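Notes follow the structure.
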Protein chains: 2
Amino acid sequence: MKAKVHITLKNGVLDPQGKAVEHALHGLGFPSVGDVRQGKFIELTLAETDKAKAKSQVEAMCKALLANTVIENYTVEVMD
Amino acid sequence: MKAKVHITLKNGVLDPQGKAVEHALHGLGFPSVGDVRQGKFIELTLAETDKAKAKSQVEAMCKALLANTVIENYTVEVMD
């Protein structure tokens, strides 16, 4: 079973990396770009065959390691 | 208009960051996890109101700055 995890900064948390990308895009001729936020995207496979169990396992991984839940949100998507 | 960009390493390109995450997950009690690949996820807004134009603008940004097309793939999703 495969899972996709998106980890994004919570609203209100400063994103200097996103700001740097935004600034660079302005300089490269894309002046209309705004609100750039950069997050992480993680793909993984699991031996688990039950979709609900797989999802809860990946959520446990997010809490334990993948995301910093103080400043980050995560979403988990599980597919066959 | 909002856009979401996923930037992932091409198949066959080594992903030491993903390997490190996989190793850490094994150590944290998730032995069945494999094939961990870590990519980037970028959200941005555009002043452009035409969906097709917005998409091609974001693709130009990917080529110019966001992705290293030698080793990375990108996908662009544009929404209102």
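The values are calculated or read from the model by the stated rules, or taken from the named source; none is laboratory data. Keep in mind it's a predicted model, so treat the numbers as computed, not measured. A quick note on method: Cβ atoms are made from the backbone with ideal geometry, for glycine too, and the neighbour counts reach across all protein chains shown. These area figures cover heavy atoms from the full protein model, side chains too; ligands, DNA and RNA do not enter into them. Shrake-Rupley method; radii C 1.70, N 1.55, O 1.52, S 1.80 Å.
Within segment B:53-80, being among the hydrophobic types (A, V, I, L, M, F, W, C) and under 16 Å from A:V33 (Cα atoms) holds for B:A54, B:V58, B:A60, B:M61, B:C62, B:A64, B:L65, B:L66, B:V76, B:V78, B:M79.
Note on segment A:49-65: residues that are facing another protein chain (nearest Cβ under 7 Å) and surrounded by fewer than 19 Cβ atoms within 10 Å (Cβ to Cβ) total 2.
In segment A:69-79, the count of residues that are at pLDDT 95 or above, within 25 Å of B:L44 (Cβ to Cβ) and facing chain B (nearest Cβ under 7 Å) is zero. Hey, any hits in segment B:25-34 for a residue that's open to solvent by 70 Å² or more (accessible area, probe 1.4 Å), within 26 Å of A:K63 (Cα to Cα) and facing chain A (nearest Cβ under 7 Å)? The answer is yes, given that some residue of segment B:25-34 is open to solvent by 70 Å² or more (accessible area, probe 1.4 Å), within 26 Å of A:K63 (Cα to Cα) and facing chain A (nearest Cβ under 7 Å). Within segment A:10-24, the set of residues being touching a helix residue (DSSP H, G or I) at 6+ places or on another chain (Cβ under 8 Å) and either of a type in the set (G, A, S) or open to solvent by 100 Å² or more (accessible area, probe 1.4 Å) (or both) comprises A:A24 only.
Checked against (1) exposed (fewer than 12 other Cβ atoms within 10 Å of the Cβ); (2) touching a helix residue (DSSP H, G or I) at 6+ places or on another chain (Cβ under 7 Å), A:M79 meets all criteria but (2).
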